[in-house]
Amino acid sequence: MGKEVARKEKIKDLIDGTLPWTEVKDIIRLKPKDDDRFEKVLEILQERVSWDDKILLRISDKLYIVSKGKGERVVKCECGHELGDYRVNWKYNARIRVRKTKEEMAEVVTIEHGIPNPDFMEMREFYCAGCFVQLGVEVVPHGYPPVFEILPDLDTLYRDWLGKPLDDENPDWYEDRTTKLTEEWGKE
């Protein structure tokens, strides 16, 4: 293992957004970076949640892809609420508020010329059904499907980049299964 460049306390501050900008730049520019930086970040995040499922990857401020063991990987909110198989767009399992009028959008967009044109666009806010924290926002044309922002190839990340293959590695993991969910809805 290489020399420790960024202490765990400094990485905690980086995650929390409390590290002064000059130190953020220093950490970003470090060459070489800590060999175990990714593991340190996951360790810090794991310490902060109340559940034991192993965090594989943080995908937003409050969302994680976790391993539940037995070949199951899911998206999980920081509160512990699960949003389903990580290969299915988590937004389909979230609470959604859609803002369709200029007045509704103006409640959250305070700059007049920044408000999307409601004739063409809608604003969707996604919330956790467990704790009701806002998980994401997207502005899209009416009728556009929810944007699937990330489907990481975790097996390649862990095997080829981190040198630590996952126990349940399988080529089937890297497959968008969102359409299978919506196909099932069509059969109901």
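Read the figures in this text as sums done on the coordinates, not as results from a lab. Predicted model only: the values in this text are computed from it and were never measured. Neighbour counts run over all protein chains shown; Cβ positions are idealised from the backbone, glycine included.
Numbers for the structure displayed
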| read-out | value |
| --- | --- |
| Of K12/K40; K12/K54; K10/K91; K100/K187; K12/K33; K10/K33, those spanning more than 21 Å from alpha-carbon to alpha-carbon | K10/K91; K100/K187 |
| Cα-centre dipole for the stretch 88-183 with unit charges at Cβ (Lys and Arg positive, Asp and Glu negative), debye to 20 | 380 |
| Cleavage-rule hits, trypsin sites (Lys or Arg not before Pro), the stretch 12-108, DSSP coil, Cβ neighbours within 10 Å at most 10 | K70 |
| Estimated Rh, the stretch 21-81: Kirkwood, alpha-carbon pairs, angstrom | 13.0 |
| Alpha carbon convex hull of the chain, volume per residue in cubic angstrom | 167 |
| Estimated [θ] at 222 nm from DSSP helical runs (n ≥ 4, -39500 (n - 2.57)) normalised by residues in the chain, nearest 500 | -7000 deg cm²/dmol |
| Farthest positive-ward along the chain dipole, Cα basis, beta-carbon charges - from A129, G114, G71 | G114 |
| Relative exposure of D13, D26, judged by other C-beta atoms within 10 Å (fewest first) | D26, D13 |
| The stretch 1-48 - convex hull of the alpha-carbon atoms, volume per residue in Å³ | 64 |
| Above-threshold pairs, the threshold being 26 Å between Cα atoms, out of K102/K180; K70/K180; K8/K62 | K102/K180 |
| The stretch 88-183 - Rg (one decimal) and Dmax (whole number), Cα, Å | 17.7, 52 |
